[in-house]
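Written out below as C-alpha cells is the structure these notes cover.
Nothing in this text is a laboratory measurement; each read-out follows from the coordinates by a stated rule. Nothing here was measured: the structure is a model prediction, and the numbers come from that model. As a convention, Cβ positions derive from the backbone with ideal geometry for all residues, glycine included, and neighbour counts pool all protein chains shown.
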Amino acid sequence: MIIAFLFALAMNLFSYWNSDKMVLRMHNAQQVDEHSAPEYYKLVRDLCENAELPMPKCYIMHSDQPNAFATGRNPENAAVCATTGLLDMLSMEEVAGVLAHELAHIKNRDTLIMTITATIAGAISILANFGLFFGGNRNNNSVGWIGTLAMVILAPMAAGIVQMAISRSREYQADSLGADICQRPLWLASALNKISAAAARIPNMSAEHNPATAHMFIINPLSGQNMDNLFSTHPDPQNRIDRLIELAQQWGQTEEDAANSNYEGPWNHNQRGRGPWG
C-alpha cells in the first residue's frame, strides 16, 4: 500500500510541476504577447490588475470551437489560453467575462486542488489494483474474492466521482469570482450561453484526442457531455447562467447595464476596446 501511494504521488507531483507545459503542448497552443495579440494581451493585463494577480503567460489555441482554459501550479507560474473561435465569435465584453473566469481559477489555486484530488484518486486506483493481486482470504473463500473484485471496480469509480464533483464545485466558484473580477456577471452569462451552444455543434479535435484535459476548459469541449450528473466534470451551463443572472440581480444590474459597457463591438484583431479598468 505504501509503495502504491508513493508511486501515485510521484506521478502526480511530476505532472503538477510540468502540467502547464504538458497541457499547452497537447493542444499546440502558441504563446502571444502585446505585439502579436495586443487586444487579447491588454485585456488579460487589465483583468489581472483588477484581480490583483501577476500577469500570466498568454496563449492562443487554434480551434473553431469557442473555449478557454487556465493552467499552472500557482499564480506566479500560470497561463491562460483562449481558442481562436472564442476570440472570433464572442464580443469583447464576453471575452472579458471568460478570461475573468479563468483568472479566478488561478486566484483560487484550483490547479493545486485538482492535483491533490488526482493524487488521492490515483492512489485509490493503484491500491485497488493491489487488492486484486493480494486480496481475498487465505482459504480462497469466493465471497472474499467477490468483495475484492467489487473494491477494484467501485473504489476507482467512487474516487473519480468525488474528483468530478470537486471540479464542478470549482466551476461555480470561479464563475462567482470571475463575475466579481470583471464586475459584470451578465458578460460571463452571455458568453456561457454562446459557448455551450457552439460546443454542441463545433468539435474540438484537440480536446477529443486529449479527453483527460476536458475538465480544464470553461465549457466541456467534448461532444455530447453537457449533462449535470455524477460523471460530468462541468455543471450544466444553464445552471451556471441562472446563478450569474441571480448574482447580477442581487447587484442591481440589468441587461441594459451590461450592454452599456466601455468595451464596444465584436472582438476582432483590428479593433482595440476601451476597458473599464484603465
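Pairs exceeding 23 Å between alpha-carbon atoms, taken from LYS21/LYS57; LYS21/LYS194; LYS57/LYS107: LYS21/LYS194. Stretching the chain fully between MET26 and ARG109 yields a gain of 27.7 nm (0.36 nm per residue, less the alpha carbon separation). Electrostatic bookkeeping for ASN77 treats Lys and Arg as +1 and Asp and Glu as -1; over the other residues with beta carbon under 12 Å from its beta carbon, the sum is +2. Candidates HIS35, ALA51, VAL23 compared by Cα position along the dipole of the stretch 1-53: farthest toward the positive end lies VAL23, with charges placed on Cβ.
Applying 1/(1 + (r/R0)^6) with R0 = 51 Å to the Cβ-Cβ distance of ASP64 and ILE2 gives a FRET efficiency near 0.60.
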